Every structure is written in structure tokens, then in C-alpha cells.
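What follows is one structure encoded as C-alpha cells, with my remarks underneath.
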Protein chains: 4
Amino acid sequence: MNKNRLEAFSDGVIAIIITIMVLEFKIPNGNHLSDLIPLLPTFFSYAVSFLYVAIYWNNHHHMIHTVKNINGKILWANLFLLFWLSLIPFTTAWMGEHHFAKFPMLLYGIILLMNAVAYTILQKSIIQHEGEDSILLKAIGKDYKGKASLFLYLTAIGMTYFNEWISGGIYIFVALIWLIPDKRIERFLNSI
Amino acid sequence: MNKNRLEAFSDGVIAIIITIMVLEFKIPNGNHLSDLIPLLPTFFSYAVSFLYVAIYWNNHHHMIHTVKNINGKILWANLFLLFWLSLIPFTTAWMGEHHFAKFPMLLYGIILLMNAVAYTILQKSIIQHEGEDSILLKAIGKDYKGKASLFLYLTAIGMTYFNEWISGGIYIFVALIWLIPDKRIERFLNSI
Amino acid sequence: MNKNRLEAFSDGVIAIIITIMVLEFKIPNGNHLSDLIPLLPTFFSYAVSFLYVAIYWNNHHHMIHTVKNINGKILWANLFLLFWLSLIPFTTAWMGEHHFAKFPMLLYGIILLMNAVAYTILQKSIIQHEGEDSILLKAIGKDYKGKASLFLYLTAIGMTYFNEWISGGIYIFVALIWLIPDKRIERFLNSI
Amino acid sequence: MNKNRLEAFSDGVIAIIITIMVLEFKIPNGNHLSDLIPLLPTFFSYAVSFLYVAIYWNNHHHMIHTVKNINGKILWANLFLLFWLSLIPFTTAWMGEHHFAKFPMLLYGIILLMNAVAYTILQKSIIQHEGEDSILLKAIGKDYKGKASLFLYLTAIGMTYFNEWISGGIYIFVALIWLIPDKRIERFLNSI
């Protein structure tokens, strides 16, 4: 089984997810610059989620790039990831609309966590399918970044109980550590 | 005629169908966790339909994978399938909004039945085009799963007259028997 | 310049156009079968427009299939076609919402006419680029079907002045004569 | 790293951006031709933005066409461009709804400027990655058109202070000078 359509379908779904978030920007009734101010939280939450979805696309791109062929399990692990990615626009809009209130921030963390879990499952399915020669396995090594992210999301989710702004800080921090998306895979590929 | 654009266009349409269903989640007015509770039926119906569309994509992927080249009839059979798939978001939203009431459940069954019929027509068009050497024909064998699904959808549609929850159970049951999407084709391809 | 991205981009845009029309189906407030009856005109106009966009995709598929390479003029002629295709969902919704009233039917005809004009321009750009050896030129011959469509759209537009149902009949008639999309090209390709 | 998925993902996102702008056309309540008149500014702003997004797709197409392989920096520069492109539908709708008022026109200029800046960054990342042999570098030469556009957008933004119609004229003028999108690259490629 080749991977072309898995890539094409994932690209399609992720492209739509990243774009429909914009539909949450309702045009203001007024036509003054100050009418844009109430939209700032929505804009900020959009920018963060755009970054997150972009990171997932980027890492997905690099991960699938290392794969030679796929199986049914990988297809379903990929669809499971797409399912959780598809929930990001909803929670992004809720968070923006309610100015980063406690519970929207909590839900945002849970959705991010589920995405990270789904991504980890997809990664494991690929490595399992490829066996010991897996380029992906060699490239991610002990996957410190992946494990740290899961831990940080869990921390952020717990932190909403005390202060949701700390959680927000953690979400941005995790995004930043992934912004350099796959130096690992890229470097590894260059080294062989 | 090659099949690349049929795949690309189908991937595009299915990716959009699976994603626009999320637009039905209207953000709650409140910002408390309990404000999410009224959304649970919508979420559940989304999850089931996501699964259904994912199964169709998956099976479509495997079916077209076996095809060498296509003709005009296959193109139109494919568009007929896409038409019925495109009606899933509407009926999903109606079902979720009205908490799985009798008639939305009935319509859901009819749309699923029409999708199964359209899929069967597409399958037959491909086999007819390929003749006796059809890999697809050998892979699906007597197509017990396809025939059973048609029968189960009809049963579920009839059952809504008595109890719509039995119908709901059947819809989930059919999804589960397809979840292992094409062991048949995959196994067959591995065996040659 | 190769044609891959022109195909991919056109597939993307047409896939979105054909799918967002579904967003016009607003879920009824009630949950009875009879609550679906007011949606019937919307459904019918959706089905006709789905057919039209499908025909355009199909013919576009066959037309570009004959092309070896493209130039800037073809790119822009293609974008001009996509622009007019993108207006189909709006006029479809207006027509459905107002139960095929005179002026929505008139606008529908104008948009269909502009699409046919744009398609003809794209066709001419390709033939001009390819010169006398153009497979497309040989395949379409005198393009009776294309010319007849333009004439029929003009007739239908004029007819809305007297009776919009005649126009509606013409729109469906034109769709039907294109339903067998490109026997011409397909036959020609098989003959060489 | 090859460029296929960068192209596919960009095509997907740009196709969605260019198409969801149509969703801003709300169907009029009436069914008379005169009910369309209030939609004219929305239609006109849609047409201009369609042209702009089409120009970006066209130039993106030509630019990436010259590239042999990509790196992580190019991926992110591309995503940065897609982010700013994704904001065009919002500002287009605001501008159309408020009949080209001063501040919507200002925001439109800022978004166009940011798109031009992002495009320039993407261009520089590619040239930097390819070094002195860069086909892109040779093709764009001193990039007079790119520099002139940046200058014209800045002028237009400043001009909204005095008269927003001058700004509008500049936006259309810039679109027109790009309409012949890449004669430069196309000519250069033909010359080698």
C-alpha cells in the first residue's frame, strides 16, 4: 500500500481545519478601527491554533516522509489524529469568545493532549510496521520532545485549577519548542 | 484515462465533508464546563459520522488502489457516491440537534443506505470495466460484508418505526464491522 | 510549465464549491418528516447544481488530460472559469430559497452562461497554445455541443421574461446533454 | 526534502481561502433583481480579493516550480504566507459590508502589505537555500515589481488618512501590474 492518498487526504483535512478557523471572525458591526478591539482575543487564539495546526502538519509531513509503505493500522491511527485535530477550531473559538476563561482553557489543553496522544500512537504504529530498520525510530531517538509535551499538557490541564494563565503560558511554550519542527529527522536524513 | 484526478477530487470532497461537520458545533454562550453538556448529542453524532466518512474514504482508497484505469461510467458512479456522502453532514446535524429522535434517525438510515447503494454501483462499474481479471472482484469475493450492510441498513430503517435506539445500535454495529476496512483487499494483495 | 498544480488547485476549488452548497441546508426546527418538506426546493436546486459542477469537473478533467503543457494565459483562463464556478453556490441558494422565482432563475442562467463562456475561452486558449496538432481540437471537432449550450443558455435567459419554468427545463436539458461528458474525447483517445 | 506536499498543502489552503469568501454573500430576503443591488460592494470586494489570491497562487506556483528541494525554513516561511493569506476573507468582507469605508480600506492595505512581506521572506528563504545557482534569483533579477508593490501598499495605507478611494485605486493598480504574473520566470525558463 502506498502512502500518496494518505498524504493527500491528510493535507486536505488539515488545510480545511486551519482555514475554517477564520470563519469564527465575525465582521464587526461598526467600521472604526476600535471595532476591531473586541476581536483581539479571537485573533490571538486563532494565531496560536494556526501555529499548532501548522506544527502538526509540519511534523506529519516529516514523519510520513520517512515512511516507505503503510498498512491499515497506520491509516486508522492517522484518521484518529485527524479527528482530534478537527476539534481544535471549536475549542479555539470558545477560548477566544470567552477571553481565555478557565474552562475553555481546560478544554483546549485536553484537546491538545488528545492530539499529542494520537500523534504518538501514529508514530508507534509506523515504527512497529517498519521494525528495527525504521528511519523514523532512529530519527526521533528517545523522543524526549514528544514525552515532554505530553507531560507539559498534563501539567497545563492541572494548572487551570489554580490559574489558567499559567496553562496558557505552557501551551505557548510547547508550541515554541516544536517550532523548530523536526531538525531531528532533517538532520538524520542529511547525515545518511 | 488514468485515475489520479478521480482520487484527488474524491479526497478533496471527502476531506471537506468530514471537516465541515465540525461547523455544526456552535460555541456555547456560557464558559462553564456544564455548558458543554447540551453539545454531547451533537458531539456523539459527529463522532459516528466521522467514523462513517472515514470508513468510506478508507474503502474507497483500497478499492481505487486496485484499479488500473477508469472510464466515464466509473467517473459518474464516483460522483454519485460523493453526492450521497455530501448529505451526511446535514442529517448528522439534524440527528444531533434533536437528540436522536425517530425521524432524524430514519433519514440517517436512508442516507447511509443510499451511500451503500452508490458504493455498490461504483464497485460494480469497476468490476464490469476490468472484466474477469479484476483484482477487485477477486478481493471482495462474494462481498458478504457489502450485502450484509445493505440488509442491516434496511432493517434499521424499518426498526425506527418501533424503536429508534435499535436503529442507532445497528448503525454503530455496521460501522464496527467495517472498521477493519479491507483486510480482504489487503490480504489478497499480500498473497500475490 | 507542467499542469500538475493547475489540476490540483482546480480540483481543490471545485471540490469546495460542490461541497459548500450543502451548508445552505439549514436544519429544520422540528424533528418530523414533514419538517423536511420546505427544504425540498433547496434540495432540488442543490441536486441540479451538484450535477452542473460535476459536469464541469468531468469535462475539465478530460480537457486538461489532453494537454501536454500550459502557459500563463491558460492559467488565467482557468482561474476565470473558477471565478464563475464559485458563484454557483450563491445563485443556487437564492433560487432554492425563493422556490425558483423569476429573477433567481434569471441570475442562475446568467451565471451558467458566464461559466460556459469561461469554459470556451479556456478551451480556445489551450487550442491556440497547442496549434494544429492539438488533440483537444481534433477531439471536440466543431464543438456543436459547446455552441448549442451557449445558445440554449441565452434562450433560457430570455425565456425567464415569459415563463421561468421553461428556463428551468432548458437548464436541466443542457445538463442532460452533457451528462455523457466527453464521449468525444474518450472515443478519440481510444481511436489513436 | 521534496516539495510535493508543500505544493499540495498550499494549493489546499489557497483553494479554501479563495472559495470561502463566497460564503460572505448572504442571500437577499427578496427575490427581485433590485435585491441584489446592496450586494454589489460585497461582490466587487470579492472580485478584487479573488484576483489577489489568484495572483498569489499563480506566483507561488511559478516560484515553487523553480525550486528543486526545500528545507525547514522554507516550510515555515510558506506557512507564514498562508497565515496572512487566510486573513484576506475577513478584511474583504468587512470592506464590502461597509462600502469601502476608511478603516476597512486601511486594514485591507495592511493585510496586503503583510502578504507581500511574507511573500518576500519566502522568496529570500528559497534564494538563500539555493545559493548563487538559484534559478529564482536569476528569474526575478532585481525584483523591481516586488519592491514597487511594497512601496505602493505603504503609500496606499498612508493615503487612507486623506482619501480611501485613492488607496482603493492603488490596490487595483498593484493587482493589474501582477496580472501578467511571471512573464519573468516563464521567459527565463524558455530562454534556457
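Charges at C-beta only: +1 for Lys and Arg, -1 for Asp and Glu. How large is the resulting dipole of chain C about its Cα centre, in Debye rounded to 20?
460 debye
With N set to the number of residues, divide the alpha-carbon radius of gyration of the protein assembly as shown by 2.2 N^0.38 Å and report two decimals.
Expressed relative to 2.2 N^0.38 Å, the Cα Rg reads 0.94.
Would you list, by chain and number, the aspartates and glutamates whose Cα falls below 14 Å from the Cα of B:Lys26, excluding same-chain residues fewer than 8 positions away?
Correct list for B:Lys26: A:Glu24, A:Glu97, B:Asp35, B:Glu97.
Tell me the label-point distance for the pair A:His129, C:Phe151, using the 7 Å Cα-to-Cβ offset, in nm and rounded to one decimal.
Label at A:His129, label at C:Phe151, 5.6 nm between them.
Could you tell me the distance between the Cα centroids of segment D:15-59 and segment C:1-78, to the nearest Å?
17 Å
If the label for D:Tyr144 sits 7 angstrom from Cα along the Cα-to-Cβ line, what are its distances to the same label in every other copy, in nm to one decimal, shortest first?
5.3, 5.3, 7.5
Determine the shielding of peptide A:35-48 by partner chains: average, over its residues, the number of Cβ atoms on other chains within 10 angstrom of each Cβ.
Mean shielding by partner chains, rounded to a whole number: 1.
Can you spot the lysines whose alpha carbon is less than 19 Å from C:Lys147's alpha carbon? Ignore those fewer than 8 places along the same chain.
C:Lys147 reaches C:Lys124, C:Lys138, C:Lys183.
With θ set to phi - 60° and the Karplus curve 6.51 cos²θ - 1.76 cosθ + 1.60, what are the ³J(HN,Hα) couplings of segment B:74-86 in order, to the nearest whole Hz, using x for Gly and Pro?
Each residue of segment B:74-86 in turn: 5, 4, 6, 4, 5, 5, 5, 5, 4, 4, 6, 4, 5 Hz.
Would you mind getting the accessible area per residue of chain B, heavy atoms of the protein chains only, 1.4 Å probe, in Å²?
40 Å²
Each residue of segment A:16-25 in turn: what ³J(HN,Hα) in whole Hz from Karplus with 6.51, -1.76, 1.60 and θ = phi - 60°, glycine and Pro shown as x?
After applying 6.51 cos²θ - 1.76 cosθ + 1.60, I find 5, 4, 5, 8, 5, 4, 5, 5, 6, 6 Hz.
What does the copy distance list look like for A:Ala101, label position 7 Å along Cα→Cβ, in nm and ordered from shortest?
2.9, 2.9, 4.0
Using a 10 Å cut-off on Cβ atoms, rank the peptides A:2-14, C:163-175 from the highest mean neighbour count down.
A:2-14, C:163-175
So for each of C:101-111, D:42-52 I average, over its residues, the number of other beta carbons within 10 Å; can you give me the resulting order with the highest mean first?
Answer by packing, highest mean first, reads C:101-111, D:42-52.
Averaged over its residues, how many other protein chain Cβ atoms are within 10 Å of peptide D:52-65's Cβ atoms?
For peptide D:52-65, the averaged partner shielding equals 3.
Computing the accessible area with a 1.4 Å probe over protein heavy atoms, can you report the carbon and sulfur percentage for the protein assembly as shown?
68 percent
When you look at the Cβ of every residue in C:25-34, what mean number of other chain Cβ atoms sits within 10 Å?
5
What total accessible area, in Å², is buried where chains C and D meet, using a 1.4 Å probe and rounding to the nearest 100?
Roughly 3100 Å².
Stretch B:Asn2-B:Lys142 to full length: gain in nm at 0.36 nm per residue minus the Cα-Cα span?
Difference between extended and current length: 47.7 nm.
Measure off 7 Å from each Cα along the Cα-to-Cβ vector at A:Asn71 and C:Leu33, then give the distance between these two points in nanometres to one decimal.
My value for the distance between the label points is 4.7 nm.
Spelling out what I want: for every residue of segment D:157-173, take phi, set θ = phi - 60°, compute 6.51 cos²θ - 1.76 cosθ + 1.60 (Karplus), and round to whole Hz; glycine and proline get x.
For segment D:157-173, the Karplus-derived couplings read 4, x, 5, 4, 4, 8, 7, 5, 6, 4, 4, x, x, 5, 4, 5, 4 Hz, x marking Gly and Pro.
For segment A:69-162, give the magnitude of the charge dipole about the Cα centre (Cβ charges: +1 Lys/Arg, -1 Asp/Glu; no others), in debye to the nearest 20.
That gives segment A:69-162 a dipole magnitude of about 180 debye.
The values are calculated or read from the model by the stated rules, or taken from the named source; none is laboratory data. Everything quoted here is computed from the prediction, not taken from an experiment. Cβ coordinates were reconstructed from backbone atoms using ideal geometry, including for glycine residues, and neighbour counts include every protein chain displayed. What goes into the accessible areas is simple: the full protein's heavy atoms, side chains included, and nothing from ligands, DNA or RNA. Shrake-Rupley method; radii C 1.70, N 1.55, O 1.52, S 1.80 Å.
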